[in-house]
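S.K.: Please read through the structure below; I'll follow up with questions.
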Amino acid sequence: MAKENLASNIILALDTSVNHCSVSLLRNDCLIVEKSSFMQRGQSETLLPFIEQTLEESNLPLKSLKAIGVGVGPGNFTGLRIGISAAKGLAMALKIKVFGVNRFETLIESDQPTLTLIKSQSDSFFTQLFIKQKPIQPPVEKTSSQILKEKYPPNTIISGDCAMHFSKTLSLKPGENDSNPRTEKIGSLALKYLKTGGPAPKPLYMKGPDAKLPKEPNPPILGSDA
């Protein structure tokens, strides 16, 4: 048993990219403990206590962690910053690897072609197509009609928001029917990256900020010598 414990890779996975705070602890590919709660705000106050609770319930010290995986979006701007900052800070303190996992990756379950869908607006989705678990294009935004007009290999899996609807209409196989990130999957991908190398955590923004810097210079202030 001692040899087995020494060979174990303890992975911490966390996500605050959407309206939840979720933390998982894995030993290799096996989930040990998971804490998750729906919340629109307050992730910054909840995340660290969740991490402490998962370690306490698993009887593992913080120094047992071998790597950290964190969700990097697409998602909420503030939530992404909270999760990524916490993951980077812990990894730096423990001198371990930290990897960023995007939501599209968490929707893939096999080497079959997989079209991943994340709902953007009422009739548009962020989409990305994977073949053998590798993206063949950058993620893009498409309307429902654009998605339905595309041609896909006959063994393509549709995974993510409204996957049941699109797979039925296109006569393809459905995968996940929800794009909410699962920290267990984030942890499994972090374990894979620990062995092969993977991306550093960096927010995946599909759109630019709403606020724009003015193109024209500021008008002069009357009566000022400046």
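S.K.: Looking at the chain, what % of its DSSP beta bridges pair antiparallel, to the nearest 5?
M.R.: Just about 65 percent of them are antiparallel.
S.K.: Rounded to the nearest 20 Debye, what is the dipole magnitude of the stretch 107-174 about its Cα centre when Lys and Arg each give +1 and Asp and Glu each give -1 at the C-beta?
M.R.: On the way: 8 positive and 6 negative charges, 34 e Å.
The dipole of the stretch 107-174 has a size of about 160 debye.
S.K.: Order 31-41, 113-123, 74-84, 144-154 from most to least packed using the mean count of other Cβ atoms within 10 Å. Before the final figure, lay out the partial values.
M.R.: Values: 31-41: 14.6, 113-123: 18.7, 74-84: 20.5, 144-154: 12.1.
Result, highest mean first: 74-84, 113-123, 31-41, 144-154.
S.K.: Another question, then. Hey, what did the chain get for relative contact order, percent, Cα under 8 Å, at least 6 apart? Each step should come with its number before you reach the end.
M.R.: Details: 451 pairs, mean separation 48.6, N = 226.
Contact order relative to length: 21 percent.
S.K.: Same structure, new question: How big is the gap, in Å, between the Cα center of the stretch 1-72 and the Cα center of the stretch 99-148?
M.R.: Centre-to-centre distance over Cα atoms comes out at 26 Å.
S.K.: To continue, here is another question. List the residues whose amide H sits under 5 Å from the amide H of Glu176, counting only those 5 or more places along or on another chain, with H placed 1.01 Å from N in the peptide plane.
M.R.: Those qualifying (amide H under 5 Å, at least 5 residues apart or on another chain) are Gly160.
S.K.: Rounded to a whole number of µm²/s, how large is the Stokes-Einstein D of the stretch 82-149 at 20 °C and 1.002 mPa s, given Rh as the Kirkwood radius over C-alpha pairs?
M.R.: Numbers: Rh = 13.9 Å.
For the chosen part, D equals 154 µm²/s.
S.K.: State the dimensionless ratio Rg/Rh of the chain (Rg: radius of gyration of Cα atoms; Rh: Kirkwood radius). Don't jump to the answer; show the numbers that get you there.
M.R.: Details: Rg = 20.4 Å, Rh = 19.0 Å.
Radius of gyration over Kirkwood radius for the chain works out to 1.07.
S.K.: Once you've got the Cα coordinates, tell me which of Lys88/Lys207; Lys132/Lys207; Lys63/Lys132; Lys151/Lys185; Lys142/Lys185 are over 32 Å apart. Walk me through the intermediate numbers first.
M.R.: On the way: Lys88/Lys207 24 Å; Lys132/Lys207 27 Å; Lys63/Lys132 35 Å; Lys151/Lys185 28 Å; Lys142/Lys185 25 Å.
The pairs that break the limit, which is 32 Å between Cα atoms, are Lys63/Lys132.
Bear in mind that the values in this text are calculations on the coordinates, not laboratory data. Remember, predicted model here, so these are calculated numbers, not experimental data. Every residue, glycine among them, receives a Cβ derived from its backbone with ideal geometry; neighbour counts consider all protein chains shown.
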